[in-house]
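> Can you keep this structure in mind? I'll have questions shortly.
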Amino acid sequence: MEGKRILLYGATGGIGAALARRLVAGGATVYLVARDTEKLSRLGDELSMPWQSVDVLEKDAFTSVAEQGPDLLDGLVYAIGSINLKSLKRLRADDFMGDFRLNAMGAACAVQSALPALQRSKDASVVLMSSIAAAYGFAMHASMGMAKGAVSGLTVSLAAELAPHIRVNAVAPSLTRTPLAASILSSDAMSSALAKQHPLQRLGDPADVAALAYWLLGPESAWMTGQIIGLDGGRSALSCKG
């Protein structure tokens with residue numbers, strides 16, 4: 001990853017921070033973007049990397065990032081998401097729209113605004129974040145599943161449009177131990193029960209997702225595009241004995 005220039009949205013989340021540290025350790029320059037200024041400042045100081053605090057739901061957020069970012073990018077990661085678990089009867093239009101804007105529209109706008117910089121690379125990689133919930137049915141996941149399903153559709157559409165010089169893939173994790181999932185995993189009993197729903201008998205770790213995203217950004221995955229890669233401890237494909 002030596003010399004690569006990567007724009008990372010969601011840099012202060014569990015997955016984003018793990019990926020940022022891995023990229024910097026591999027020799028990349030990482031442009032850190034997140035909403036939490038305090039956390040972002042600490043991460044930027046720790047890694048000695050440039051950062052910009054923006055709320056991607058605000059008007060002109062992506063334009064601002066593009067204007068202040070580099071003229072050339074070798075990669076973009078959109079590691080921003082939501083976990084909004086409600087029954088269908090409790091979901092309102094604002095829930096659906098909020099999840100869609102944050103997950104799917106945000107990813108599309110991030111790529112769109114960075115496109116000129118990515119095109120200057122001639123060998124760029126985009127990594128988006130879908131979810132196991134986009135393809136595997138779970139109760140209480142109507143809004144999240146719809147939003148992440150849109151990310152999967154966006155991934156293959158952009159991969160077709162931007163080939164051959166820009167690759168686009170998505171990671172589709174199962175439940176991962178991130179700050180976003182903290183309320184779900186607040187008890188040991190709940191964490192253990194959810195872990196047993198996976199054939200590998202554990203939940204995901206941010207480092208698991210970061211490792212795959214790192215690979216997708218690098219030259220080892222140069223012949224891969226348009227893929228939604230399940231990273232779910234076998235949950236979506238295997239019968240679980242737990």
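The values are calculated or read from the model by the stated rules, or taken from the named source; none is laboratory data. The model shown is predicted, which means the values in this text are computed figures rather than measured ones. A quick note on method: Cβ atoms are made from the backbone with ideal geometry, for glycine too, and the neighbour counts reach across all protein chains shown. SASA here: full protein model, heavy atoms, side chains in, ligands and nucleic acids out. Shrake-Rupley method; radii C 1.70, N 1.55, O 1.52, S 1.80 Å.
> Among the listed residues 230, 153, which satisfies the condition of being touching a residue at least 60 places away in the same chain (Cβ under 8 Å) and out of contact with any Lys or Arg (no Cβ under 7 Å at 6 or more places or on another chain)?
Only one candidate qualifies: 230.
> Quick one: in segment 84-109, which of the residues that are open to solvent by 60 Å² or more (accessible area, probe 1.4 Å) and within 20 Å of the chain's Cα centre (by Cα) is nearest to residue 147 (Cα to Cα)?
Among residues in segment 84-109 that are open to solvent by 60 Å² or more (accessible area, probe 1.4 Å) and within 20 Å of the chain's Cα centre (by Cα), the one nearest to residue 147 (Cα to Cα) is 100.
> Kindly list, by first and then second residue, each pair from a residue in segment 75-98 that is over 16 Å from residue 171 (Cβ atoms) to a residue that is assigned to a loop (DSSP other than H, G, I, E, B) and of a type in the set (A, V, I, L, M, F, W, C), limited to pairs with Cβ atoms under 7 Å and residues at least 6 apart or on different chains.
Here the result reads 85/140; 86/140; 87/140, each pair linking segment 75-98 to a residue that is assigned to a loop (DSSP other than H, G, I, E, B) and of a type in the set (A, V, I, L, M, F, W, C).
> Same structure, new question: Would you be able to tell me the number of residues in segment 1-22 that are touching a Gly at 6+ places or on another chain (Cβ under 7 Å), closer than 17 Å to residue 209 by Cβ and either surrounded by fewer than 23 Cβ atoms within 10 Å (Cβ to Cβ) or of a type in the set (Ser, Thr, Tyr) (or both)?
So the count comes out to 1.
> Is at least one residue of segment 182-191 crowded, with 19+ Cβ neighbours inside 10 Å and either modelled with pLDDT under 95 or part of a loop (DSSP other than H, G, I, E, B) (or both)?
For segment 182-191, residues crowded, with 19+ Cβ neighbours inside 10 Å and either modelled with pLDDT under 95 or part of a loop (DSSP other than H, G, I, E, B) (or both): absent.
> Which one of the conditions (1) touching a Lys or Arg at 6+ places or on another chain (Cβ under 9 Å); (2) surrounded by fewer than 19 Cβ atoms within 10 Å (Cβ to Cβ); (3) not hydroxyl-bearing (Ser, Thr, Tyr) does residue 25 fail to meet, given that it meets all the rest?
(1)
> Out of all the residues in segment 132-147, which are open to solvent by 10 Å² or more (accessible area, probe 1.4 Å) and within 19 Å of residue 230 (Cβ to Cβ)?
Within segment 132-147, 132, 133, 134, 135, 136, 137, 138, 141, 144, 145, 146 qualify.
> Same structure again: Regarding residue 203, is this residue without any contact (Cβ under 8 Å) to a residue 40 or more places away in the chain, crowded, with 17+ Cβ neighbours inside 10 Å, touching a strand residue (DSSP E or B) at 6+ places or on another chain (Cβ under 8 Å) and not β-branched (Val, Ile, Thr)?
So residue 203 passes the test.
> If you don't mind, there's one more thing I want to ask. Right, residue 221: among the small types (Gly, Ala, Ser), under 20 Å from the mean Cα position of the chain (by Cα) and open to solvent by 70 Å² or more (accessible area, probe 1.4 Å) or not?
For residue 221, the condition - among the small types (Gly, Ala, Ser), under 20 Å from the mean Cα position of the chain (by Cα) and open to solvent by 70 Å² or more (accessible area, probe 1.4 Å) - is not met.
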